[in-house]
1. Of all the accessible heavy-atom surface of the stretch 94-148, with the other protein chains kept in place and a 1.4 Å probe, what percent is carbon and sulfur?
2. Keeping all protein chains in position, work out how much accessible area residue 148 exposes to a 1.4 Å probe, and write it in Å² to the nearest 10.
3. Quick one: Karplus J couplings for the stretch 121-126, per residue in order, coefficients 6.51, -1.76, 1.60, θ = phi - 60°, nearest Hz, x for Gly and Pro?
4. Rolling a 1.4 angstrom probe over the protein chains, ignoring ligands and nucleic acids, what is the accessible area of residue 170 in square angstrom, nearest 10?
5. With every protein chain left in place and a probe of 1.4 Å, what is the accessible surface of residue 50, to the nearest 10 Å²?
6. For Cα pairs less than 8 Å apart in space and 6+ apart in sequence, what is the mean separation divided by the residue count of the stretch 102-149, i.e. the relative contact order in percent?
7. Determine ³J(HN,Hα), in whole Hz, for all residues of the stretch 156-169 in sequence, where each value follows from phi through the Karplus function 6.51 cos²θ - 1.76 cosθ + 1.60 and θ = phi - 60°; x replaces Gly and Pro.
Amino acid sequence: MSSLEISSSCFNQETKLPLSPPLVEDSAFEPPGEDINEVEEKSEDIIKFTSEQLSVDEVSQLVISPLCGAISLFVGTTRNNFEGKKVISLEYEAYLPMAENEVRKICSDIRQKWPVKHIAVFHRLGLVPVSEASIIIAVSSAHRTASLEAVSYAIDTLKAKVPIWKKEMYEESSSSWKRNKECFWATDD
């Protein structure tokens, strides 16, 4: 047999793959107990202000839903510089009753504008070292556009309306409280 014949004999062999798994006698296919369209899941707004380190995984897990195909996240972290100065950490303070109320309003506004399922807003208070998260916002929705737009709206509105103050701690041991220029409640001194 020549090498050409060997090659062509390899192509002439039939390989049969099963089109479906073999059926076991006396067994029947049973569909899942509930139709996915009939599943009722209550939407949640999860808001947390904490001095503990924030976890992207923890926050994103809170908004997962079998009804949703998108989870969008915003993670704000401490960067190591500001206006040519070396930043070593940020310190956050908030007027909690008003801050929580304003974040709830933001969540309500989001639900009026976009079809989203779950919203989580976690903000760290106290010292936040360089590269650590100071805020994590997560939103789930059936489609990506709604969650992406909702997350963008959430961070922009939070910065403008929520009474949270940030102090930058610089390497040369000076520090400076920063007023959020977008904030409507900040007054010009």
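The values are calculated or read from the model by the stated rules, or taken from the named source; none is laboratory data. In this text, all values refer to a predicted model and were calculated from it rather than measured experimentally. Ligands, DNA and RNA are stripped out before the accessible areas are found, and what is left, the full protein with its side chains, is counted by its heavy atoms. Shrake-Rupley method; radii C 1.70, N 1.55, O 1.52, S 1.80 Å.
1. It is 54 percent, rounded to a whole number.
2. Residue 148 has an accessible surface of roughly 100 Å² with all protein chains in place.
3. Running phi through 6.51 cos²θ - 1.76 cosθ + 1.60 with θ = phi - 60° gives 10, 10, 10, 8, 10, x Hz.
4. Probe radius 1.4 Å; accessible area of residue 170 about 10 Å².
5. The value for residue 50 is about 20 Å².
6. Details: 49 pairs, mean separation 18.1, N = 48.
Averaging sequence separation for qualifying contacts and normalising by length gives 38 percent for the stretch 102-149.
7. Karplus-based 3J(HN,Hα) across the stretch 156-169 equals 5, 6, 4, 5, 7, 10, 8, x, 10, 10, 10, 10, 8, 9 Hz.
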